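Trainee: Please read through the structure below; I'll follow up with questions.
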Amino acid sequence: MKARVLVLMLLTACGTEAESKPSQLGDKLEAVIQRMHARFAAVQQIEQGIVTNRLGDVQTAAQSIAELEDPEIQPAWQPYLTSVRDAAKDVAAAEDIGEAAQRAARLGYQCSRCHDAIGGRVAFRGVPRPDTGQKLQATMASHQWAVSRMWEGVIGPSQERWLAGAKALQKAPMTYVAESGALGIENDVGTVRTLSRRAETVKTPLARAELFGQLLGTCVRCHAAIRDTGTISAPAP
């Protein structure tokens, strides 16, 4: 219900939309909500694509955001949507996964600016934390859960989600990763620990986005190093 009221406010500009027939306004309302859901699904796909080294998936999801317009939204909100689309274009144009990680963080920041401007917050679903363990699958699952919560904290913006992810990442098992034999992996593990602790001190959406970009870049580099040792296989296309 909150989402519908918020979108109705966005549609109503200077009384022009208020004069529309109820059925027409209802159709526009549903269309805007669907586009909001499509953007959210796409930013989730971008984060997932980056951590699993699927540049093509990242570019496709980003391009879908870049092409998604909302002509019915009030003119006052259009600059924020334009900033989101422009940031998505930058992600789609990234030539490697590391570059995409940095640009995705900036996209997340633009999403948070838009949400702040309209006074809205994304209602995230609860996601159960995975079972802990030292085996690679459990280790990576715990890392993914933590990073996904931090990503939600960026785009929300949500300090609660951000802190939940940061604290989980601080405690996530990394012994298996550090002992994988990949060259320089110990430095990446140390960087992840440092960034997850520093995350508790950042307070603004921009600072969260900048730190998250560093974190994603470290994850990408770490995953690539482990794959190079043959410890894990590259994801299927």
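Rule-based calculations on the coordinates, nothing more; no lab input. Quick caveat: nothing in here was measured; it's all calculated off a predicted structure. Because the Cβ atoms are built from the backbone with ideal geometry, glycine has one as well, and the counts that use them run over all protein chains shown.
Trainee: Using a Förster radius of 30 Å, what is the FRET efficiency between T82 and T60 based on their Cβ-Cβ separation? Nearest 0.05, please.
Mentor: Numbers: r = 21 Å, r/R0 = 0.70.
The value I calculate is 0.90.
Trainee: Between V127 and E69, what length in nm is gained on full extension when 0.36 nm per residue of separation is reduced by their alpha carbon distance? Can you show the working numbers first?
Mentor: On the way: separation 58, 0.36 × 58 = 20.88 nm, distance 2.96 nm.
Here the segment from V127 to E69 would lengthen by 17.9 nm.
Trainee: Would you kindly derive the ³J(HN,Hα) couplings of region 71-82 from the backbone phi angles with the Karplus curve 6.51 cos²θ - 1.76 cosθ + 1.60 (θ = phi - 60°), listing them in order in whole Hz, with x for Gly and Pro?
Mentor: x, 7, 5, 3, x, 4, 8, 4, x, 5, 5, 5
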